[in-house]
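Report on one structure; see the data block that follows.
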Amino acid sequence: MSGLTVRGLTVDLPGGPRIVNGVDLDLAAGEVLALVGPSGAGKSLTVRAIARLLPPGARVGGTARLNDVDLLAVDQAGLRRLRGTALGCMFQNPTAGLNPTMTVGGHLLETLRAHHRLPRVELRERGLTALAGAGLERPAELWQAYPFQLSGGQAQRVALALATACHPAVLLADEITTELDAVTQAQVLDTLRAHAAAGRSVLLVTHDLAVAARWADTVAVLEAGRVTEHGPAAAVLHDPQAALTRTLLRAAQLSSAALS
Amino acid sequence: MTTAQFVARRAVTAALVLLAISVLCFTLLDLAPGDPARAVLEARSGGLPASVAEVADQRALMGLDDPLAQRYLRWAGGAATGDLGASSITGRPVTAELADTVPWTVLLTVVATVFSVLGAVAVGLVAGLTKRRWLRRGIELAMFVLGGMPGFVTALLLLYLGAARWQLLPSGGVGRPGEDVTVAVVAAHLVLPAAALAFGHHFGSYVRLIQTGITGVRAAPHVDNARARGLGAWTILRRHVLGPALVPFATRLGVGTGALLAGAYAIEVIFSWPGMGRLAIAAAKAQDYPVLTAVVLVTAAFVIAANLLGELAVSRLDPRVRLPGDTRRGPVVVGDH
Amino acid sequence: MTTERTHTTPTPDGPALDPGADARPGGRPRGLLVVRLPRPRRPTGTIALAVLVGMGAIAVAAPLLTPFDPLATDTSATALPPGSPDHLLGTDLLGRDLLTRLLYGARTSLLVGLVAAAITVLAGTVIGALAAVGPRRLDEAITRVADTLLSLPLLVVVLALSTVAGPSLGSVIVAIAVTSWMPVALVARTALRTQRERRYVRAARSLGLSPAQVLGRHLLPGAIPPVASIAAFEVGHAILTESTLSFLGLGIPPNRPSWGNLLTEAQSHLLTGQWYTVAFPAVAIVITIVAVNALAATLARPESSAW
């Protein structure tokens, strides 16, 4: 499995402003890269641009290569095939990302059916495996549940199961723990790390430097649409080169001791 | 509480409401001027006035001089066993009149509801999804004007265009005299009245509901999420946009069917459709109280049933909506978070 | 069906309500009259109002505008098409001038619409106010009754009422009022309850104003915009109901033309080619109701489009 290579990514919103202004990222197989920065820097837009889920009218430039395919240049049919099988996404509010009139099982079945032509029994097996792989006990019970019946942590794990059901090489995670309590947050991120250990690349967008410190291998700092620092987590957070990183660390009141 | 219990509870309430309506109706019609005995005699004699003695005899025969409560109980007792009295004009049993006319009204209402739903979904989809401002605003304006047209005006317009001007479809009844009443013939006669009923002045609010539902859902996070999982555009539209968007519409439909039924009266008159509505109007004009009471009750029963079906359908469509009294569902706590 | 919410609504009091008006220099009068109805930003509402006022003026001036008697038949001038000399809109099968009947019909229909709506709104507002400020049990009873009545097919009730009272102007008005008060009551109730939660109302009560003073000076003025909107809607609804009833022969009797009873034999006229006897009253009805609905929409939401 190879990873994700982003070069010169730019995003213009409808109406003018260029929010993302030339971003380069390298993500290797099995690596967890945390994308941090102040609000408004363009972190979420970067991730959405790679997944091609921007609002209509937005313009994207640059390349995002995954397995020798440029995600930003591929046609609609190809994009649909790649989504789910090469690239998986998770977003901030997991319950809102689920259809309130469908069960968990329904979501998994439709995702798997979109990419694999297999009998229903086999699809269900794969779905249950995905739920288990996302750290959910008793997946068969959860299969019948509706989104409004899930806790925040459960919903985020379901989202993880959906994102990984077709075994994508790369996982994009946009502020996935912002709405969770600290304990649940730690549990979900541990599961994510386990996926990375199995060879999946993870791009983790977060505004929480402690999260980056504890669960990421590398850190990229985004400031005003550009990456100002990019390196191993320990290095960036202990010995920041850019002024912004220092400001962020000070604002988060993290000492070196707390980071290790 | 299960669905069965819910329905049973509602059935009891419905029975009480119908009982109250029957009392009200009976009492109200009792206040009406005119003498039913005289009306019967004059109908029988073809318009010749009846003498005072004849009227008195007829009144005694019909039990009209008994106290109100006694007359009501007599009627209610009969109704409970299936005897709703006899039409004071034709003399036929009311149940026979109903049996002749109710199926036609049900047919008309059901077909009109189907037209209405299909039409509203089609127009609402276009209005909700189109990026062309002129199309969207055009539809909104048309719906607004439609909301200002009374049902009978729409019916007259359709009658004029369909039957008089362009001679496409028959103008009334369910078959020309001498013609066999086959399915095809009835269908041809059904088109105009059903269309008039379907696209009457509630249609605009249906379209608006669907349109708003779609524009609201189109930008929802779960739609983005569905795209991110690689689902096809058609699947997304069908299951993730249309599904949740139709919930407010479904809620309204249950109530709207009642209004549809009421609107059917004027339509039946215009198109000479042999249904309950036409019967009711004729009964009202002729002061045929037994028939009128029966029709009011039957209509009320249908409306209550339609409301109930609507509520059941919505609870099926949207699992978040619980029937009142349902304590079953709660968050699934499966050990871990 | 009505859920209880007692949080304070954060929406600011818009230009419709100016509680500080009497604090301004120059001293403005207090009370209900100080309310300014919102000025519509789009012309639709003004156009609708102009249309309605124009129509009303023409209706009032009917005898001045036409020499004919709406009921007088003229066997020498039957079934004339529009554009005939002396008869701008033509005549019907009995030789009655259609323009005259249309104008006099306007008088009846608009009168019934306004009076029925006025009674409906008055009754509905009183009932809604009782529900909003009265004891809890009364509120529940009223809401329950209103909801139940709303779920019944009203034409049926109106039918029964017209049968009992016999077709006449008065019976039509009463029938409409009895079957249309519910939405007004519910809107008035909601509006008054929302007003009650506003900060300045709580302030007034804590200052010791009596419930009557609070109602008159603070609750009612703020509730006026939504009630005005549904009042306008009710005028349209009244005209619609009257025209349907009269068309069916159960409303205004034929000795008094109304747009509805001008259409009583409409279907047979359409099939014999006299479409114009149907078109003019029908168009008049639709234009009136659409204009009233546009006005109602503008009163409810002055900044967005009426349609």
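Details
- Segment B:76-155: trypsin sites (Lys or Arg not before Pro) in DSSP coil with no more than 11 other Cβ atoms inside 10 Å: B:131, B:132
- Normalised contact order of segment B:56-170, rounded percent, pairs of Cα under 8 Å and 6 or more residues apart: 7
- Extension gain from residue C:287 to residue C:305, taking 0.36 nm per residue of separation minus the Cα-Cα distance: 4.7 nm
- Normalised contact order of chain B, rounded percent, pairs of Cα under 8 Å and 6 or more residues apart: 23
- Cα-based shape type of chain B, given that a ≥ b ≥ c are square roots of the gyration tensor eigenvalues and the cut on a/c is 1.5: oblate
- Note: relative contact order over segment B:249-310, using C-alpha pairs below 8 Å and six or more positions apart, is 49 percent.
- Under 17 Å from the residue A:65 label point (7 Å along Cα→beta-carbon), backbone N, segment A:185-216: none
- Förster-model FRET efficiency, 51 Å R0, residue A:208 and residue B:301, C-beta, rounded to 0.05: 0.25
- Theoretical FRET efficiency, 1/(1+(r/R0)^6), r = Cβ-Cβ of residue B:76 and residue B:106, R0 22 Å, to 0.05: 0.30
- Order of C:265, A:125 - criterion: other Cβ atoms within 10 Å of each residue's Cβ, fewest first: A:125, C:265
- Using a Gaussian network model of chain A in which every pair of alpha carbons under 10 angstrom is joined by a spring, one finds that among A:113, A:124, A:193 the greatest mean-square fluctuation is at A:113.
- Anisotropy class assigned to segment A:1-85 is oblate, per the alpha carbon gyration tensor with a/c at or over the 1.5 cut-off and a/b no larger than b/c.
- Between helix B:52-62 and chain B: long-axis angle, C-alpha atoms, 0 to 90°, nearest 10: 50
- If R0 is 51 Å, the Cβ-Cβ spacing of residue B:129 and residue C:93 corresponds to a FRET efficiency of close to 0.55.
- Residue exposure sequence - B:65, A:174 - by fewest surrounding Cβ within 10 Å: B:65, A:174
- Which of C:237, A:115 has the fewest Cβ neighbours within 10 Å, and the rest in rising order: A:115, C:237
Each value in this text was obtained by applying a stated rule to the coordinates, not by laboratory testing. Because the structure is predicted, anything quoted here is derived from the model rather than measured. When we count neighbours, we look across all protein chains shown, and the Cβ atoms used for this are built from the backbone with ideal geometry, even at glycine.
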